[in-house]
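Student: A single structure is presented below for examination.
The values are calculated or read from the model by the stated rules, or taken from the named source; none is laboratory data. Because the structure is predicted, anything quoted here is derived from the model rather than measured. Please note: Cβ atoms are built from the backbone with ideal geometry, for glycine as well, and neighbour counts cover all protein chains shown. All accessible areas refer to the heavy atoms of the entire protein, side chains included, with ligands and DNA or RNA removed. Shrake-Rupley method; radii C 1.70, N 1.55, O 1.52, S 1.80 Å.
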Amino acid sequence: MDFNFNAHQHFSLPDRSFLNIVRRDIGKIAETTGFTETEAGRVNLVITEMATNLLKHTDTQGGELLVKPICQENGLACGLELLCLDNGPGMSDPQRMMEDGVSTFGSMGQGLGAIKRQSDFFDLYSQRGVGTVILSRIYKKGQAPKKAAPSKHKFQMGAVLVPKPGEQVSGDGWGFRPTLEGGHLLILDGLGHGPFAHQASNEALKTFYQLPKQAPSEMLRGVHAAIKKTRGAVGALAYWSAETGTLQFCGIGNIGGRLFFPDRPKNLLSYNGTLGMSIPSTIHHQNHPWQYGNLMVLHSDGLKSRWDLHKYPELTRHDPTLIAAVLYKDNTRTTDDTLVVVVRATN
């Protein structure tokens, strides 16, 4: 499982003249990640096909590429995660569009098939009227995770973290401390954006990793006490265990959270306040069931609050990072940093 807490780098393609610049800059990321020339060539091919799709299908409606280095928790499998998000017309039959020679645009129709072949992990979601999101992960040679290898975890997790346009760092942040069948997840939104917000969330995360593993409310108290010299942050902490079938949640400030059961969603409510500045004298965590098929979405206020998963049929079957990317694509405010974390209970 990939626990990758870095922000995605954002690349827009307003027209074809930006294509070479985007390929060059993403090539530098691949080089910094340690890719060989051959491995970087795979990345370049995927980026070229993704960018070509964006330029063909989005017109003036826009689209973007998100890129970040990834590394598995054991540090042995490292590579790049590539996301292509477009607001074009979408596809009514995505599986058929991945067959070579099939196109709705009058081209050779090899783009999606080429992306899938070059990827060590590939996922795609597309619906008519919604657009398309493509997820590709490419690992260094010999480091791709074995697809058939059973996971020791009882959950899957993914995230999209994008700084406010024009900022080099994000004031949003997240961290995770795993156990065998669950773990403690902290998401943060430093007040405002830019370096000082980034500092606040980083100090909070540093404290989170040093605290004894306790109930979410107690750990948030520890974070609150440790970041009083920063500008402060809002945040939420969740702990879940497949062994006990429970989820504990505690939030401070305007952090969004929703838990999805097979028959209904449930909002995860937070206390008023700001970590590092002022929190209620008494805070408690909420208790919820956590069982196979449950889905949890936590996000900063960079995401609009009125998003609706029912708008996206079958989306919950996809990779958690792709789910987060779809929600980001359609609901980011673009006036702040944006963080979306998705966790799914598995068996």
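Student: Using a 1.4 angstrom probe, figure out how much accessible area segment 229-347 has per residue, in square angstrom, rounded to the nearest whole.
Tutor: Ligands and nucleic acids excluded, the figure is 44 Å² per residue.
Student: Under the 0.36 nm per residue contour assumption, what length would be gained going from the current alpha-carbon distance of residue 291 and residue 210 to full extension?
Tutor: Gain on extension, residue 291 to residue 210, equals 26.3 nm.
Student: Ok, one more. Once both axes come from the Cα atoms, what is the angle between helix 320-331 and the longest principal axis of the chain, in degrees from 0 to 90, rounded to 10?
Tutor: 90 degrees
Student: Next up: When only DSSP loop residues count, what trypsin sites (Lys or Arg not before Pro) in segment 118-218 have their Cβ near at most 11 other Cβ atoms within 10 Å?
Tutor: 128, 141, 146, 147, 152, 213
Student: I'd like the GluC sites (Glu not before Pro) in segment 196-268 restricted to DSSP loop residues with at most 15 other Cβ atoms within 10 Å, sorted by number.
Tutor: 243
Student: Still on this structure, I have one more. Evaluate the distance, in nm, between pseudo-label points positioned 7 Å from the Cα of residue 246 and of residue 36 along their respective Cα→Cβ axes.
Tutor: Spacing of the two 7 Å Cα→Cβ label points: 5.1 nm.
Student: Tell me the Rg and the Dmax, in Å, that the Cα atoms of segment 209-342 produce.
Tutor: My reading of the Cα-based Rg and Dmax gives 15.4, 45 Å.
Student: Let me ask something else. Using helices alone, what [θ] at 222 nm do you get for the chain, with -39,500 (n - 2.57) per DSSP H run of 4 or more residues, divided over all residues and rounded to the nearest 500?
Tutor: My calculation for the chain gives -8000 deg cm²/dmol from helical runs alone.
Student: Please work through the chain and write down the cysteines that have no neighbouring cysteine Cβ at a distance under 4.7 Å.
Tutor: Result for the chain is 84, 250, no neighbouring Cys Cβ within the cutoff.
Student: Percent relative contact order of segment 248-325, based on C-alpha pairs within less than 8 angstrom and at least six residues apart?
Tutor: 33 percent
Student: Using 0.36 nm per residue, how much length does the chain from residue 10 to residue 141 gain when fully extended, once their Cα-Cα distance is taken away?
Tutor: Answer, rounded to one decimal: 44.6 nm.
Student: Starting from the residue with the highest accessible area, list 91, 277, 219 in decreasing order, probe 1.4 Å.
Tutor: 277, 91, 219
Student: Find, among the trypsin sites (Lys or Arg not before Pro) in segment 235-327, those assigned to loop by DSSP (not H, G, I, E, B) with at most 14 other beta-carbon atoms within 10 angstrom.
Tutor: Counting only loop positions with at most 14 other Cβ atoms within 10 Å, the trypsin sites (Lys or Arg not before Pro) in segment 235-327 are 304, 306.
Student: Turning to a different aspect of this structure: Taking Cα atoms, how many degrees apart are the long axis of helix 216-226 and the longest axis of the chain, rounded to 10 and kept between 0 and 90?
Tutor: Taking Cα atoms only, the helix is inclined about 90 degrees.
Student: Starting from the Cα of residue 152, draw a straight line to each of the aspartates and glutamates and keep only those under 14 Å, dropping any in the same chain fewer than 8 residues away.
Tutor: Once the sequence-local aspartates and glutamates are set aside, what remains near residue 152 is 2, 73, 181, 243.
Student: log10 I(q)/I(0), Debye, Cα-only the chain, no solvent, q = 0.15 Å⁻¹?
Tutor: Reported log10 I(q)/I(0), two decimals: -1.32.
Student: Tell me the carbon and sulfur percent of the accessible area for the chain, rounded to whole percent, probe radius 1.4 Å.
Tutor: 49 percent
Student: Specify the angular offset, from 0 to 90 degrees and rounded to the nearest 10, of the alpha carbon long axis of helix 195-210 from the longest principal axis of the alpha carbons in the chain.
Tutor: 70 degrees
Student: Excluding residues on the same chain fewer than 8 positions from residue 304, give the lysines whose Cα lies under 20 Å from its Cα.
Tutor: Filter leaves 164, 266, 329.
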